[in-house]
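For reference, the structure is listed below as structure tokens.
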């Protein structure tokens, strides 16, 4: 299969994504060299570094790279209304990429500056030391500084009161749930975190809730499930930590024969959309604080619905993430990524393959929607979500992506 850039693909014409090897855009992410691929919350750094802000951090990095190359090539409108231009159109794009990424990471994570310096020096050493390199470094450094200023005090370090789990029917019961701060992070393109808030989840005494309840109960349990081995494989495939899963799999789309600026544009599109979709998703999650199947099924005698049989011994077949159920974050993010790929390639007929370190296997798709459908199924098969949550999450992610991409990353 041959990979195409957005400008090369024609509407309704199938596109195959072929990995052709690393390039300057993706090199900075291999092995975590210049990338914040180790989640900040796992590091012994500043309070800001310990926040779960992976997608936001990657968006800032890739937006700086995109702006630097947009300045050099003049092909695309810069993000954020920034108007920096290169004095030399022949400025080294590779040097600009390295300087932009290094500048952002050093600025966001000053405690890790030493970790980033050696790879950066090595990267620059591979580029001829001439005027083009110097100009590229200047453009990249300027793009990094502008993005850091634009994202200063982005809300990630907001003080949070201790979380009090719910006790009434329908309320999330997790202790010290994660990603509570995401709803307070400044969006990249949305007008507010609540702009695409999902409607309320189904009432506990409704038929819709009973249908979803019983599907998750029958398919997602650890014991006595009607789930097939193939369905369990699908459920487990998508349980890898999302930051590493998406970073590794998304960079494959840049490993193509597209130009550097188009590669940078695609990565900026993907991570910016992912960041805003995550912010919107967790705003809805903590707005409704809906309970997970692992609470709903054992406590079903309290929900007032005769069609939801309780099972005190029921547990999900895979571990449930410690944050509220509705809407499903995997649905939000996957649909946002799918809509971004559809927009970039100008068709939903994109053939690609993803892998998971959990199962050691790959999944191949012929359309972007097929990926979304499978992820929605996976969260039900794993007993982590109700069907409505995955579908509403997918709607949210799609809407966020459309909003972001209709207003950003446009041709000049």
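Taken together, the values in this text are just the output of simple stated rules run on the coordinates, not laboratory data. For clarity, every value in this text was computed on a predicted model and none was experimentally measured. We place every Cβ from the backbone using ideal geometry, glycine too, and count neighbours over all the protein chains shown.
Using only the alpha-carbon atoms, how far is helix 54-73 inclined from the longest principal axis of the chain? Give it as 0 to 90 degrees, nearest 10.
The helix 54-73 is inclined about 30 degrees to the chain.
How would the stretch 323-412 be classified by its alpha-carbon gyration tensor: rounded, prolate or oblate, with rounded meaning a/c under 1.5 and the a/b versus b/c comparison settling the rest?
oblate
What list do you get for 366, 106 if you sort them by fewest beta carbons within 10 Å?
The order, fewest Cβ neighbours first, is 366, 106.
Within 10 Å of each residue's Cβ, count the other Cβ atoms and sort 376, 281 from fewest upward.
The order, fewest Cβ neighbours first, is 376, 281.
Using a ≥ b ≥ c from the Cα gyration tensor of the stretch 180-262 (square roots of the eigenvalues), is it rounded, prolate or oblate, where a/c under 1.5 gives rounded and otherwise the larger of a/b and b/c decides, a/b for prolate?
Oblate.
Alpha carbon centre of the stretch 243-264 versus the stretch 329-394: separation in Å?
Here the answer is 17 Å between Cα centres.
When 72, 211 are ordered from fewest to most other Cβ atoms inside 10 Å of their Cβ, what list results?
Final ranking by Cβ density, sparse to dense: 211, 72.
Angle check, please: helix 113-125 long axis (alpha carbons) against the longest principal axis of the chain (alpha carbons), in degrees 0 to 90, nearest 10.
50 degrees
Between the helical axis of 131-150 and the dominant principal axis of the chain, each derived from Cα atoms, what acute angle in degrees is found, rounded to the nearest 10?
Roughly 40 degrees, rounded to the nearest 10.
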